[in-house]
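Notes follow the structure.
Values in this text are rule-based calculations from the coordinates and carry no lab data. Remember, it's a predicted structure, so these values are computed and weren't measured experimentally. Here the Cβ positions follow ideal geometry from the backbone for every residue, glycine too, while neighbour counts run over all protein chains shown.
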Amino acid sequence: MKNYDVLVVGAGFAGATIARKRAEQGKKVLVVEKRAHIGGNMYECEGENGIRVHLYGPHIFHTNSERAFQFLKEFGEFFPYEHKVLGKIDGKLVPIPFNYTSLEMLFDKENAEKIKLKLKRNFPDVEKISILDLVKHNDVDIKEFGQYVYDKVFANYTAKQWGTTVDKIDTSVINRVPVVLGYDDRYFKDKFQYMPKEGFTKLFENILNHENIEVRLNMNVKDILKIDFEKKKTYINGEEFGGEIFYTGALDELMNYEYGNLPYRTLELKFENYPEEYYQENSVVNYPNEEEFTRITEFKYLTKQEDKEHTTILKEYPAQFDIHNPKYADPYYPINNDKNQEIYKKYQDKLASISNIKLCGRLAEYKYYNMDAVIDRALTLCE
Ligand code: FAD
Ligand code: UDP
């Protein structure tokens, strides 16, 4: 490590942003990435039919952070993209988040009008509301409506996604998807909603393309980094290294699982190719109820790739993370609850004695971050 000032572990958004910032500040940066590619979970590539896919699940950029968007815009062009989702409820494809259109499609006219009127009266000037506020409302019609949406949209989807009931997961998870009191059918309400013209991988190539950055793929940091907690020192390939180390992988892995595993939910991702222009009428269709998968994504809608003869879709099957089974060994979603936070804190407290290691990202911080939040956090760390 003599030739480097900074070690960055992981080439996802956390690692790539930090590497770039430190490189621009004149530091020599080594990025090590255990996968065979850059981009982390944002990695995008071409399938055998030529259709571009997001290999680790669908990713849509949306943010209210001007700073995060400004940072990204330096490395590629973007096109405006407002994401919309449909959900299959009682055999019909209705907008998700559930809104007035969904209500009108699923309830008879008289009932729908009555409920809309009550919602307007009880929540004047409110654009969106948590499903949890509707189910506990004291007006019986609003409560019944809330219970319907809860049962048809949230209960089974959440059971599939998290392997447990809604009441056992952190409310912030459910509240990512509100009920909309109006006709706005966009999935996100953020100020900036765009997708990269040449895809996410190209964006990462440009971020990491700097004379002060070297990237080494297929390299697990565990094979080169040793932490001596007694001496409070870090060693790389046996030599002491006192420079900054930004770690964006899973914290329990770094700490040899000393305090036990940090649980995650994972996904089994099944891609299907079709010799057709389109498979479905929308980019994402959610299947809250009957099917085993949670949603189907058709990538051409996200990338705007033109091809009249081919399309690729992805079905997501949630599963329990299992480090020993390659099929389930990708940690996708941290599970936020008191017990897991306690384990995380033990790791964090122990690592705090090693002042040159900093944690950043969805895995390292064990937080359900969207990409813009990760970029924002990385930028703050580098200031
Ligand atoms: P990652 O992208 O996971 O990068 C960490 C990197 O570190 C990985 O490449 C990993 O291989 C590497 N690494 C780990 N351990 C080691 C090690 N020991 N040695 C070397 N390298 C290591 N966000 C949005 O904003 N919009 C969306 O639409 C969206 N959709 C999502 C859909 C799904 C299915 C999931 C799971 C997440 C979604 N997200 C979305 C969140 C987004 O994926 C994350 O916020 C973002 O990718 C996190 O970046 P990161 O750098 O923290 O982690
Ligand atoms: N959710 C649901 N039904 C839906 C969509 C979402 O119950 O049709 C719940 C589910 O618990 C999910 C959470 O809302 O995990 C967050 O959804 P989001 O679409 O943000 O999940 P992500 O894209 O991060 O997988």
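Are there any strands (runs of 3 or more DSSP E) wholly within region 43-83 with 3 or more residues that are touching a residue at least 24 places away in the same chain (Cβ under 8 Å), and if so which?
On the way: elements: 44-46, 52-54, 61-63, 78-80.
Output list reads 52-54, 61-63, 78-80.
Name the single residue that is nearest to the chain's Cα centre (by Cα) among those in region 101-129 being closer than 24 Å to V85 by Cα and of a type in the set (A, V, I, L, M).
Once the filter is applied, the top-ranked residue is I129.
Looking at E205, E240, which one is surrounded by fewer than 19 Cβ atoms within 10 Å (Cβ to Cβ) and more than 16 Å from ligand 1 (Cβ to nearest atom)?
On the way: E205 fails: more than 16 Å from ligand 1 (Cβ to nearest atom).
Of the residues listed, the single one that is surrounded by fewer than 19 Cβ atoms within 10 Å (Cβ to Cβ) and more than 16 Å from ligand 1 (Cβ to nearest atom) is E240.
So how many residues does region 313-367 have that are of a type in the set (G, A, S), away from ligand 1 (no atom under 12 Å from the Cβ) and touching a strand residue (DSSP E or B) at 6+ places or on another chain (Cβ under 9 Å)?
Looking only at that region, the number is 1.
Being touching a helix residue (DSSP H, G or I) at 6+ places or on another chain (Cβ under 7 Å), in contact (Cβ under 8 Å) with a residue 60 or more places away in the chain and either β-branched (V, I, T) or surrounded by 15 or more Cβ atoms within 10 Å (Cβ to Cβ) (or both) is the filter here; which residues of region 85-135 pass it?
G87, I89, P95, I96, F98, Y100, L119
Could you please give the count of residues in region 368-383 that are within 16 Å of ligand 1 (Cβ to nearest atom) and assigned to a loop (DSSP other than H, G, I, E, B)? Give the derivation first.
First, the residues of region 368-383 that are within 16 Å of ligand 1 (Cβ to nearest atom): 368-382.
Right, trim to assigned to a loop (DSSP other than H, G, I, E, B) and you get 368-370.
Qualifying residue count for the region: 3.
If you take the residues of region 150-162 that are under 17 Å from K92 (Cα atoms) and out of contact with any Ser or Thr (no Cβ under 8 Å at 6 or more places or on another chain), which of them is surrounded by the fewest Cβ atoms within 10 Å (Cβ to Cβ)? Lay out the reasoning, then the answer.
The first filter runs over region 150-162 and keeps only residues under 17 Å from K92 (Cα atoms), leaving 150-154, 156-157.
If we keep only those that are out of contact with any Ser or Thr (no Cβ under 8 Å at 6 or more places or on another chain) as well, we get 150-154, 156.
Details: Y150: 19, D151: 14, K152: 20, V153: 23, F154: 19, N156: 17.
Out of the qualifying residues, it is D151.
Of these, I169, I174, I131, I142, which one is more than 15 Å from ligand 2 (Cβ to nearest atom) and not acidic (D, E)? Give the steps one after another, and end with the answer.
Numbers: I169 fails: more than 15 Å from ligand 2 (Cβ to nearest atom); I174 fails: more than 15 Å from ligand 2 (Cβ to nearest atom); I131 fails: more than 15 Å from ligand 2 (Cβ to nearest atom).
Testing whether each residue is more than 15 Å from ligand 2 (Cβ to nearest atom) and not acidic (D, E) leaves just I142.
Could you please find all residues in region 166-194 being under 18 Å from N286 (Cα atoms) and either within 15 Å of ligand 1 (Cβ to nearest atom) or without any contact (Cβ under 8 Å) to a residue 60 or more places away in the chain (or both)? It would help to see each step written out before you state the result.
Of all residues in region 166-194, those under 18 Å from N286 (Cα atoms) come to 166, 173-180, 184-188.
Answer for region 166-194, where residues must be under 18 Å from N286 (Cα atoms) and either within 15 Å of ligand 1 (Cβ to nearest atom) or without any contact (Cβ under 8 Å) to a residue 60 or more places away in the chain (or both): V166, V173, I174, N175, R176, V177, R186, Y187, F188.
Within region 203-214, can one find any residue that is acidic (D, E), within 21 Å of the chain's Cα centre (by Cα) and part of a helix (DSSP H, G or I)?
In the first step, residues of region 203-214 are kept if they are acidic (D, E); the result is 205, 211, 214.
From the residues that got through so far, the ones that are within 21 Å of the chain's Cα centre (by Cα) too are 205.
Applying the additional criterion that residues be part of a helix (DSSP H, G or I) yields 205.
Yes, region 203-214 has at least one match.
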